Amino acid sequence: MSNPQATWRLCWELSRIHTFPLGTALIFWPCAWGFTLAAYRTATTPDVLALHLFVMGIGSIFQHAAMCVINDICDVEYDRQVERTKSRPLPSGNLSMRSAMMFLTMLTAGTLFILSFASPLAFRVGLFGIFPLHALYPLMKRWTNWPQAWLGLAMNWGIFLAWAEMAEMRSYSTVSVLYAGAWAWTVVYDTIYGSQDKHDDVKAGVGSTAVVFGSWVRPALSLFALFFVAALTYTGVANHQGALYFTVSVGGAGLHLLWQVGTVDFDNPTDCQKKFRSNGALGLIVWLGIFLDYMTGTY
């Protein structure tokens, strides 16, 4: 495409930056949970915590944008068969593959630059999040009917990065349980998201838990949601959190998931999109309880 302005506009659309904070928030909130839990555990001052959250917020924008671009590069042929995605820049032919690859290189370089400010341990942890976790996700729908399981590993890896940066070599058992719970949360919201395309996915031969669970999707997601709430509870006990955490983070997440999974219409794409988008608010609720507990200094 010869028009640079049009090319940048299409790259912007390709990276989903125009939908901010949707998607980016789902990478950022697990990072924020990890940082704030670690700050609570180590008595880190608010200014240091704020700086870490700011840098991770910028990094989450770059990471999510890069993930969207590599996903669309790998899925261009599949996206042409799905009604909701066939008009995107690559499958529609409006943006060249060369331009998309160049943009991906820029986004990856930006992500690595931001990651370079982390401690050596956190840098190594972050690199593992970039490759293989984020980089290989687009291929999972070709290899397994559970791509959401791999996505959960990638989207929540920031929990470990944050803990490595703030708590260094302290016990990882607490955040390992939180990571497992966040993984289950990702399966919930991405199965709801995938329900928008389940009929097209069957035709295209794309793996998805929305297809695997079939008529059992609500009971299945209820179990994943319950596990997430249980993991939040364990994390609070293990990290010696106070009443605000259990009331706001655990109670708020439980109520939100009860509404989300209990009322979603899996056959209505509009409602699926609405419930999927609401997970940004759920991430905020969980973080708010951790933060309020941290600010009251109950540890």
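Just so you know, in the range 2-17 the residues that are open to solvent by 100 Å² or more (accessible area, probe 1.4 Å) and assigned to a helix (DSSP H, G or I) include one that is farthest from G57 (Cα to Cα), and it is Q5. Scanning the range 43-63 for residues that are open to solvent by 60 Å² or more (accessible area, probe 1.4 Å) and small (G, A, S) returns a single hit, A43. Per the conditions (1) open to solvent by less than 70 Å² (accessible area, probe 1.4 Å); (2) touching a helix residue (DSSP H, G or I) at 6+ places or on another chain (Cβ under 9 Å); (3) not in a loop (DSSP other than H, G, I, E, B), the sole criterion not satisfied by R124 is (1). Identify all residues within the range 80-96 that are under 19 Å from Y137 (Cβ atoms) and open to solvent by less than 50 Å² (accessible area, probe 1.4 Å); write none if there are none. V82, T85, R88, L90, P91, listed by residue number. Test E77 against the criterion of being surrounded by fewer than 19 Cβ atoms within 10 Å (Cβ to Cβ), at pLDDT below 95 and outside any helix (DSSP H, G or I), and give yes or no. So E77 does not fit the description; no.
For the range 200-219, the set of residues classified as in contact (Cβ under 8 Å) with a residue 24 or more places away in the chain, under 26 Å from L178 (Cβ atoms), open to solvent by less than 30 Å² (accessible area, probe 1.4 Å) and part of a helix (DSSP H, G or I) consists of T209, A210, V217, listed by residue number.
The values are calculated or read from the model by the stated rules, or taken from the named source; none is laboratory data. Since this is a predicted model, take the numbers as computed values, not measurements. Glycine gets a Cβ as well: all are built from the backbone with ideal geometry, and neighbour counts include every protein chain shown. Each accessible area value is taken on the protein alone, full model and side chains, heavy atoms only, with ligands, DNA and RNA left out. Shrake-Rupley method; radii C 1.70, N 1.55, O 1.52, S 1.80 Å.
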